[in-house]
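Visitor: Here it is, the structure in full.
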Amino acid sequence: MTEIWKDIKGYEGKYMISNLGNVKQIIYYGEPANHLLSQYNCSGYKFVVLVNDWMEPRTSSKFVHRLVAEAFLDNPDGLEQVNHKNEIKTDNTVDNLEWCSREYNNNYGTVNQRRVATRYGGKK
């Protein structure tokens with residue numbers, strides 16, 4: 001898959017997101033763009049910390065999968081959550097993501113089996 005880059009909404013000209021789930025910062029004064037280091041939250045989702053105004057730095061944490069969905073996927077129904085189709089939280093490629101409702105996301109795929117396994121130490 002060819003990597004395509006788009007500006008991150010609200011951070012135009014400062015940060016970009018790719019359809020493969022990579023994030024880069026646009027450096028001024030002719031310097032090349034730098035890839036941002038993503039981090040993982042306690043649930044295993046990738047996120048990045050963005051700064052909107054360098055003169056008054058206020059940081060904002062953004063989930064990478066949500067940035068990809070906002071940039072590359074239409075959401076005509078105004079759905080509020082983004083689902084990983086293959087259930088791999090670190091696979092933030094656009095082909096693996098879909099907008100969905102909270103109910104759909106909470107009951108998707110093998111989530112119920114994984115909850116039982118976690119609660120009962122792997123016993124079903």
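The values are calculated or read from the model by the stated rules, or taken from the named source; none is laboratory data. Since the structure is predicted, the reported quantities are computational estimates derived from the model, not experimental observations. Glycine also receives a Cβ, built like all others from the backbone with ideal geometry; neighbour counts cover every protein chain displayed.
Visitor: Can you name the residue in segment 10-21 that is modelled with pLDDT under 95 and surrounded by fewer than 17 Cβ atoms within 10 Å (Cβ to Cβ) and is also nearest to E70 (Cα to Cα) among such residues?
Guide: Ranking the candidates gives G10 first.
Visitor: For the subset of segment 86-98 comprising residues that are within 15 Å of R66 (Cβ to Cβ) and out of contact with any helix residue (DSSP H, G or I) (no Cβ under 6 Å at 6 or more places or on another chain), which member is surrounded by the fewest Cβ atoms within 10 Å (Cβ to Cβ)?
Guide: Within segment 86-98, the match that is surrounded by the fewest Cβ atoms within 10 Å (Cβ to Cβ) is T90.
Visitor: Evaluate segment 38-45: report whether one residue or more is modelled with pLDDT under 95, in a strand (DSSP E or B) and within 15 Å of the chain's Cα centre (by Cα).
Guide: yes
Visitor: If you don't mind, there's one more thing I want to ask. Could you check how many residues of segment 71-107 are among the small types (G, A, S) and either assigned to a loop (DSSP other than H, G, I, E, B) or over 21 Å from Y11 (Cβ atoms) (or both)?
Guide: The qualifying residues number 2.
Visitor: Given the options D95, D77, name the one that is closer than 19 Å to E3 by Cβ and out of contact with any Leu (no Cβ under 9 Å at 6 or more places or on another chain).
Guide: D95
Visitor: Restricting attention to segment 59-75, and to residues there that are hydrophobic (A, V, I, L, M, F, W, C) and free of Cβ contacts under 8 Å to residues at least 40 places away in the same chain, which single residue is farthest from N19 (Cα to Cα)?
Guide: So, considering only residues that are hydrophobic (A, V, I, L, M, F, W, C) and free of Cβ contacts under 8 Å to residues at least 40 places away in the same chain, the one farthest from N19 (Cα to Cα) is F63.
Visitor: Which pairs do you get when a residue that is under 17 Å from D7 (Cβ atoms), found in segment 41-58, comes within reach of a residue that is at pLDDT 90 or above and of a type in the set (K, R), reach meaning Cβ atoms under 9 angstrom, with the pair 6+ apart or on two chains?
Guide: Cβ pairs passing all conditions: V48/K62; L50/K62.
Visitor: Then there's this: Mind checking which pairs have a first residue in segment 76-102 that is without any contact (Cβ under 8 Å) to a residue 40 or more places away in the chain and a second that is among the β-branched types (V, I, T) and surrounded by fewer than 17 Cβ atoms within 10 Å (Cβ to Cβ), Cβ under 7 Å, 6 or more apart or different chains?
Guide: Correct list of pairs: E87/T110.
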